[in-house]
Amino acid sequence: MPTWLRLVKNGGKVTASVSADGQTWRTLGTRNINSTRLQVGLAVTSGDATQRTTATADNVAVK
């Protein structure tokens, strides 16, 4: 099932939200980030060190 993930930085805080349709969002949490320079990237895991996995990412944007 496709899932949308949104990270929003506002001042020194980053809020993570998730959505099934890209329209209705549920906040997962907010954390303080003490850095003015952040790096972003994508990662995927199978959750099992003995198993490989793949993922497809689209609609990726950094604003």
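Here, each number is a calculation from the coordinates, and none is a lab measurement. The model shown is predicted, which means the values in this text are computed figures rather than measured ones. Virtual Cβ from ideal backbone geometry, glycine too; neighbours counted across all protein chains shown.
Residues in the range 47-63 that are among the hydroxyl-bearing types (Ser, Thr, Tyr) and farther than 16 Å from residue 3 by Cβ: 50 alone. Take the residues of the range 29-63 that are closer than 17 Å to residue 14 by Cα and β-branched (Val, Ile, Thr): which is nearest to the chain's Cα centre (by Cα)? Among those that are closer than 17 Å to residue 14 by Cα and β-branched (Val, Ile, Thr), it is 40.
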